[in-house]
């Protein structure tokens, strides 16, 4: 009895018979959840006031940025504290391309192009910058890469502070607003007889962008490129031996991550209409890292949950005035509580559940089901930190 | 499973074909340590070739050169007619070399199926954009390759575990999954790094049987680094013995077991001339 | 010329502060491999406690300083024992993020307790105390900073060279498993390293506070410049940390002193990124720093 057949036979024989394979079909539960979300979104859209739209829109934008960071750090294992920098690049590209033409030498530059140009361009320029940074990830690993990305934030800050023609210098500047025809999103407009608020218009732009990005990332992660990313995170040398070109993989991760980060940055700046260069600081980068640790690294849903927690929750607390806003005189403000909370949660999650909230949920699901459950992305949300720094033992021992 | 090597082996019948792998005068040095020195040997296509030696002998360094992780200080390596030393690490998979891991736990969160698909990375082509948009070409490629890998899992008895993360599997199954992954890439040459380390007799026999099947059914050439002498002597066509980075013997299992230098390397000089010792050093593979 | 000397002196003083901070980093990293992002906030807490001690609780300066050291050492020890103990063996980035978590908590706690408005820094020196020589003012604070740093370095040198615990710490830094095998109580070593680092951080914080005249919650961000310092000096070299710190401090002050001449090209704030540019240069050319050991690249 032979254990194997010659290669070639399996392919020819079995392909016709099998239409779907595990890992390719999404389970029924995923469809149900998606359906609930769609209904909830529609309900929200009709019912909510503009203050709630502010909370939700900003959270969705943060979710996009968190997703971008997850691509680079969660899935591919490249430590980055420079996320704020890439978002800023996107924002200022949007400002340069979409801003109004300067009427005086001191005005910020702007070419007054439509959003259909500046929004993708924001992503593309950020991606190009990411492509410049990418090669350093080949030479530097772990902590060193993290420090270089940290340096990026400071160098970026210096550049933005001084490039006042584009950034407005330290006072900051306004950012372009998307428009359809003469309807600019910063005011109420009527479309086909329906009156939409500013928040609603932005929502209709931001949500599809987020959904498209999520689907794209999810597709990548369940195919060849995504497996290569995760292999790079887990064990670079081993991945290399299996045929993964480390340069291509890391560059791909940087490109995709920076692209999405740039778009998120542009959307954020546009929606909040006025941003100062100080905003794109190390704290912002850290908040995104916190978001993917808390939500779940290497997970699309984890990015959303983490962003909701780190960026959405403080706005909700503010909204209900549960705590006073920061006053500078001490006392617990809403921002302080949230910061304390995510600081503590980083520690707690890393200690007890490195898979973040998604990991927790998965654990409960397994308890209920008594066997492993996997989403179509192909695996547990991995620890962001499953880096190969010390996994060289197999080559050492004889 | 009959693992006697005395029976006709496919390897013996193709000794006239040009060697698949040819190593000439290989030397590896790092940090003042000479790991390999003047190593030369050839591996024939379809052969099951074993490399043994005491710890520190240079076996892993040899594998590291063959998988292009190390650059040798000197020497030549020809593989399938080409200069292997000009290959970069990520190019060996495409060329048809696959390597299993000695220690496990490198990819704990990947599912078994994904791991095998990773093993097929070099055999697949679709890139970032096509994957992200999940175009028809990606769809087809994924489906075809998934089916192939599922079939391979079936052959190796791992179907039930296909969706489980590697880290959750018991040790023996992880080793088996690793072997499956190496085979998934349809290699010409399989480098097996201690495939039965830490296994009990039953598991060892299972793997040994699989390796023989791989040789007989798939015709894949194998180079095996192992410490389990009974297993090695039972299935190998030829055995290379390394000690302190040099070759001290290269011959059939029977010859190697009786070789005085080999005995000396493992047991020390006192036993060199005591012919009664050697049978217990290498237990009878017929057991 | 006097200007240049003044800058140099100030740079060395500032560099000594960075040397102290980097020393703290290096102690912890060398003994346990942990990169402590919270070092800056330990510095901050120390400075605030000392200021509170002097202004709120009316303690004499030295007593307040002692109190500050005790509190930060306690925080360091507590963190090491309660949290880091359980993270042994985890990947570097996890541990780094845990220290960032601590950093965040400490910073926010300081803001909650004392607010974010600037507070006066506690100082035992008068503002103008010091002496002048050839047009260069040698401030007392700077002199003390440099002096204390030298003394500390000497003490540490002696500690590592001549005491049992110092030897144990060096052994643990080289190979934790081997140290365990010969019976070194590495848990106690970690605790010792963290305690020492915290205490040194407080000293650094106090000196930094005095030279800034006021303390704000952003004081801790100065510690970030310790990263370029230790990379310049070599991640696994304690003396490298000191030398790196001094060089960074010098680079900062001298650049700051002369950059106005190039303002048209460089704009404002160039000196802030000078250390990072140096760091990137070092990483490109000589990644293991001036005194670091070239890791055998055994892939």
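Where a number appears in this text, it was derived from the coordinates with a stated rule and is not lab data. Since the model is a prediction, treat every value here as computed from it, not as a measurement. Positions of Cβ are backbone-derived with ideal geometry, glycine not excepted, and every protein chain shown enters the neighbour counts.
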Can you tell me how much longer the chain between residue A:100 and residue A:247 gets when fully stretched, taken as 0.36 nm per residue apart minus their C-alpha distance, in nm with one decimal? 49.0 nm
So, in nm, how far is label residue A:364 from label residue C:81 when the simple model puts each one 7 Å beyond its Cα toward the Cβ? 3.5
Among rounded, prolate and oblate, which fits the stretch C:53-120 when a ≥ b ≥ c are the square roots of the eigenvalues of its C-alpha gyration tensor, a/c under 1.5 means rounded, and a/b larger than b/c means prolate? oblate
From fewest to most C-beta neighbours within 10 Å, the residues B:193, C:272 line up as C:272, B:193
Using the alpha carbons of the stretch C:149-247, what is the convex hull volume per residue in cubic angstrom, as a whole number? 106
Percent of all alpha-carbon pairs of the stretch B:127-197 at distances over 17 Å, whole number, is 54
Computed over chain C: longest principal axis from alpha-carbon atoms vs helix C:140-162 long axis, angle to nearest 10 degrees, is 20
Based on the Cβ-Cβ distance of residue A:352 and residue B:55, what FRET efficiency does E = 1/(1 + (r/R0)^6) give at R0 = 30 Å, to the nearest 0.05? 0.20
Using 0.36 nm per residue, how much length does the chain from residue B:139 to residue B:160 gain when fully extended, once their Cα-Cα distance is taken away? 5.2 nm
What FRET efficiency comes out for the pair residue C:285/residue A:41, r = Cβ-Cβ distance, R0 = 41 Å, nearest 0.05? 0.20
Per residue, how much space in cubic angstrom lies within the convex hull of the C-alpha atoms of the stretch C:1-64? 124
When the C-alpha atoms of the stretch B:7-119 are aligned to their principal axes, what extent does each axis show, in angstrom, from largest down? 44, 42, 30
Pairing the Cα long axis of helix C:186-212 with the longest principal axis of chain C, what angle in degrees results, from 0 to 90 and rounded to the nearest 10? 10
In peptide A:228-240, how many Cβ atoms from other protein chains are near each Cβ within 10 Å, on average? 5
Run the numbers on the stretch C:167-285 and let me know its relative contact order in percent, using alpha-carbon pairs under 8 Å that are six or more apart. 17
Once label points are set 7 Å from the Cα along Cα→Cβ at both residue B:246 and residue C:268, what is their separation, rounded to one decimal in nm? 7.3
Pair residue B:17, residue C:174: separation of 7 Å Cα→Cβ label points (nm): 5.3
Rounded to two decimals, what is the ratio between the C-alpha radius of gyration of chain C and 2.2 N^0.38 Å? 1.00
Between residue C:164 and residue C:187, how high is the FRET efficiency from 1/(1 + (r/R0)^6) when r is the Cβ-Cβ distance and R₀ = 22 Å? Nearest 0.05. 0.85
Among bridges DSSP assigns within the protein assembly as shown, what percent are antiparallel (round to 5)? 70
Once you order the gyration tensor axes a ≥ b ≥ c over the Cα atoms, which shape class does the protein assembly as shown get: rounded for a/c under 1.5, otherwise prolate or oblate by comparing a/b with b/c? oblate
